[in-house]
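The values are calculated or read from the model by the stated rules, or taken from the named source; none is laboratory data. The structure displayed is predicted, hence computed values, not measured ones. As a convention, Cβ positions derive from the backbone with ideal geometry for all residues, glycine included, and neighbour counts pool all protein chains shown.
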Amino acid sequence: MKTEILKIDKNNIDLGKIKFAAKVLESGGLVAFPTETVYGLGANALNEEAVKNIFRAKGRPSDNPLIVHIAGIEQINELVREIPYNAHLLMDRLWPGPITFVLRKSLKVPGIITGGLDTVAVRMPNHPIALALIKESGLPIAAPSANISGKPSPTCARHVIEDLSGKVDVIIDGDFANIGLESTVLDLTLEPNMILRPGGITLEDLKREINNVIIDPAIMEQSDINIPKSPGMKYKHYSPKAEVKIVEGSVEKVINKIHDIINEEKARNKKVGVLATDETESMYKNVEIISLGSRQSPETIAAKLFQSLREFDDKGVDIILAEAFENTGIELAIMNRLSKAAGYNIIRIKN
Ligand code: TXA
Ligand code: MG
């Protein structure tokens with residue numbers, strides 16, 4: 001299949017190109033497009049054949065449900081059976097934005113979207129190109145992250161082209177996705193409301209809006225007993241080709257431990273990369289280093305994480321050593337994605 005690449009300036013949208021991409025969606029094709037979180041791979045959510053092609057292009061397990069994207073609040077009515085009070089409130093306050101709500105699904109939503117579940121995940125993205133495209137198509141758009149299943153989510157068009165060129169009809173190149181991590185997934189059918197995937201909207205943000213909200217305890221651990229409620233969270237994910245290890249503890253101890261591992265791995269002829277921060281970058285020697293940014297600005301770190309994992313793959317490193325982050329705010333989302341990339345290989349040093 002020939003993949004058409006459409007470059008669109010998000011500050012000066014070319015409506016002709018949007019119309020072309022919307023037509024492709026209307027006729028059952030696949031269009032990758034930017035959102036504020038990561039790039040998505042879109043198809044008409046009400047067209048089962050089109051949605052099947054999403055799973056095919058990504059190599060995605062069919063029991064992992066998709067998020068349906070909308071551009072206006074009126075589009076939600078045909079997708080869900082009821083809108084609880086908290087949903088009204090949160091949609092009003094946080095949409096368009098990096099949060100997905102899980103609600104009871106209507107009969108109209110095909111089972112292939114929801115992996116056979118009785119619920120559907122819905123999001124209104126905060127990105128001018130995504131909104132223009134969805135609006136122009138007039139359709140609810142199913143869109144998982146636009147990567148090959150298991151790889152880090154794409155934060156720019158180049159990543160999408162690497163993964164999906166020749167497998168989709170259109171890739172819209174609309175610059176960097178500025179949040180860089182996928183949306184928060186909040187299940188509003190559960191009491192208390194439960195965060196199934198941490199993201200750009202944090203637990204602390206949600207607690208300012210609603211009373212009864214918790215995080216799925218299964219998120220930060222790998223266990224067979226505690227199965228995450230969001231099916232996607234059970235897969236090894238966000239994985240670069242290299243092996244990832246996270247080191248957690250006080251700054252000096254982490255730096256020392258990372259040095260020890262660098263020496264061990266080098267003795268075994270392995271190429272090592274360190275995912276550092278601006279505060280520690282200069283402490284590591286004779287090794288490939290990427291700084292994710294300053295710990296003073298965790299949003300910057302979030303925005304660079306997936307891109308940095310891919311960069312280490314391009315450099316051909318065998319092992320990536322990462323400093324740990326906190327379990328609060330946006331750092332919880334960073335730690336969640338890193339832990340999954342590491343297959344939960346976390347070295348905890350006692351202080
Ligand atoms: O930021 C995002 O959410 C991006 C952009 C493109 O919008 N999309 C995205 O989609 O990350 P995807 O498919 O990569 O992740 C969807 C997550 C998965 O973990 C999936 O299991 C969960 O949402 N999910 C979808 N429907 C669900 C449902 N009905 N109940 C529970 N979890 C659900
Ligand atoms: Mg994904």
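Of all residues in region 301-331, how many are among the hydroxyl-bearing types (Ser, Thr, Tyr) and buried (at least 18 other Cβ atoms within 10 Å of the Cβ)?
1
Within region 154-176, residues that are touching a residue at least 40 places away in the same chain (Cβ under 8 Å) and more than 15 Å from residue 8 (Cα to Cα) sit with their Cβ atoms under 7 Å from residues that are surrounded by fewer than 24 Cβ atoms within 10 Å (Cβ to Cβ) and of a type in the set (Ser, Thr, Tyr), at 6+ positions apart or across chains, in these pairs: 165/3; 166/3; 168/3; 169/3.
Scanning region 127-151 for residues being within 12 Å of ligand 2 (Cβ to nearest atom) and among the charged types (D, E, K, R) gives a total of 1. Taking the criterion of being within 16 Å of ligand 2 (Cβ to nearest atom) and more than 14 Å from the chain's Cα centre (by Cα), the residues of region 152-203 that qualify are 162, 163, 164, 167, 168. Among residues that are part of a helix (DSSP H, G or I) and among the hydrophobic types (A, V, I, L, M, F, W, C), residue 321 is not included. Applying the criterion of at least 2 residues that are touching a Pro at 6+ places or on another chain (Cβ under 8 Å) and under 20 Å from residue 145 (Cβ atoms) to the strands (runs of 3 or more DSSP E) found wholly in region 1-54 leaves 40-44. Within 12 Å of ligand 1 (Cβ to nearest atom), under 24 Å from residue 197 (Cα atoms) and free of Cβ contacts under 8 Å to residues at least 12 places away in the same chain: is that true of residue 42 in this structure? No, not satisfied. The criterion of at least 2 residues that are aliphatic (A, V, I, L, M), within 20 Å of the chain's Cα centre (by Cα) and modelled with pLDDT of 95 or more is met by the following strands (runs of 3 or more DSSP E) wholly inside region 214-302: 243-248. Screening residue 161 on (1) more than 11 Å from ligand 1 (Cβ to nearest atom); (2) surrounded by fewer than 24 Cβ atoms within 10 Å (Cβ to Cβ); (3) over 22 Å from residue 310 (Cα atoms) shows it passes everything except condition (3). Do we find a residue being in a loop (DSSP other than H, G, I, E, B) and closer than 22 Å to residue 26 by Cβ anywhere in region 112-123? Checked region 112-123: no residue is in a loop (DSSP other than H, G, I, E, B) and closer than 22 Å to residue 26 by Cβ. Look at region 132-151: where a residue is closer than 21 Å to residue 52 by Cβ and assigned to a loop (DSSP other than H, G, I, E, B) and a partner is away from ligand 2 (no atom under 15 Å from the Cβ) and among the polar types (S, T, N, Q), sitting 6+ places away or on another chain with Cβ atoms under 8 Å, you get 139/44; 140/44; 140/75. Is there a residue in region 184-204 that is touching a Phe, Trp or Tyr at 6+ places or on another chain (Cβ under 9 Å) and outside any strand (DSSP E or B)? Taking every residue of region 184-204 in turn, at least one turns out to be touching a Phe, Trp or Tyr at 6+ places or on another chain (Cβ under 9 Å) and outside any strand (DSSP E or B).
The residue of region 110-126 that is nearest to ligand 1 (Cβ to nearest atom), among those that are buried (at least 23 other Cβ atoms within 10 Å of the Cβ) and in contact (Cβ under 8 Å) with a residue 60 or more places away in the chain, is 121. Annotation note: Cβ proximity below 8 Å between a residue of region 182-199 that is within 16 Å of residue 98 (Cα to Cα) and among the hydroxyl-bearing types (Ser, Thr, Tyr) and a residue that is assigned to a strand (DSSP E or B) and within 6 Å of ligand 1 (Cβ to nearest atom) (sequence gap 6+ or interchain) occurs for 183/67; 183/100; 183/123; 183/197; 184/100; 184/197. Inside region 65-117, can you point out the residues that are within 16 Å of ligand 2 (Cβ to nearest atom) and on the phi > 0 side of the Ramachandran plot? 115 - this is the single residue of region 65-117 that is within 16 Å of ligand 2 (Cβ to nearest atom) and on the phi > 0 side of the Ramachandran plot. Quick one: would you say residue 104 is assigned to a strand (DSSP E or B), surrounded by fewer than 23 Cβ atoms within 10 Å (Cβ to Cβ) and touching a residue at least 24 places away in the same chain (Cβ under 8 Å)? Yes. Evaluating residue 87 against the criteria (1) among the small types (Gly, Ala, Ser); (2) within 13 Å of ligand 1 (Cβ to nearest atom); (3) in contact with a strand residue (DSSP E or B) (Cβ under 8 Å, 6 or more places away or on another chain) leaves one unmet condition, (2).
Per the conditions (1) away from ligand 1 (no atom under 11 Å from the Cβ); (2) closer than 24 Å to residue 230 by Cβ; (3) out of contact with any helix residue (DSSP H, G or I) (no Cβ under 6 Å at 6 or more places or on another chain); (4) among the aliphatic types (A, V, I, L, M), the sole criterion not satisfied by residue 148 is (3).
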